[in-house]
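Here the structure is laid out as structure tokens; the discussion comes afterwards.
The values are calculated or read from the model by the stated rules, or taken from the named source; none is laboratory data. Computed from a predicted model, the values in this text were never measured in an experiment. Cβ sites come from the backbone with ideal geometry, for glycine too, and all protein chains shown count toward neighbours.
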Amino acid sequence: MIGGTALQGGRFYLAGSLIGAILIQTLTTTILTRGVPVEFTLIVKALVIVIVCLLQSEAFRRMIYRRSRWRCERNRSAGVLTRSKPRREDARENF
């Protein structure tokens, strides 16, 4: 879950739990100070928790990795050139 306390059990990390609590409270405070209705705060918190749970899920990360790999292979087979780092000539032009 957020900050080191998993729902499935396992180890508890106090620092991680504090960071998670501060994150949720900061989110709540920010939304409320902007004048957004309280009901919207609950929706945003729920979305954040779902996203964090998905990111911590090994199956979800594996699926994302496969999809990005598939996209890269598809681009390569279609002749689309992708570079992970700029060439030195390109880097010099930016200065």
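It is to be established whether one or more residues within the range 26-36 are within 17 Å of the chain's Cα centre (by Cα) and at pLDDT 80 or above. Looking for residues that are within 17 Å of the chain's Cα centre (by Cα) and at pLDDT 80 or above, one finds at least one in the range 26-36, hence yes. Restricting attention to the range 47-60, does a residue exist that is modelled with pLDDT of 85 or more, assigned to a loop (DSSP other than H, G, I, E, B) and surrounded by fewer than 12 Cβ atoms within 10 Å (Cβ to Cβ)? No, that holds for no residue. Residues in the range 40-61 that are without any contact (Cβ under 8 Å) to a residue 12 or more places away in the chain and not hydrophobic (A, V, I, L, M, F, W, C): S57, E58, R61.
Against the numbered list (1) more than 16 Å from the chain's Cα centre (by Cα); (2) at pLDDT 70 or above, G10 comes up short only at (2).
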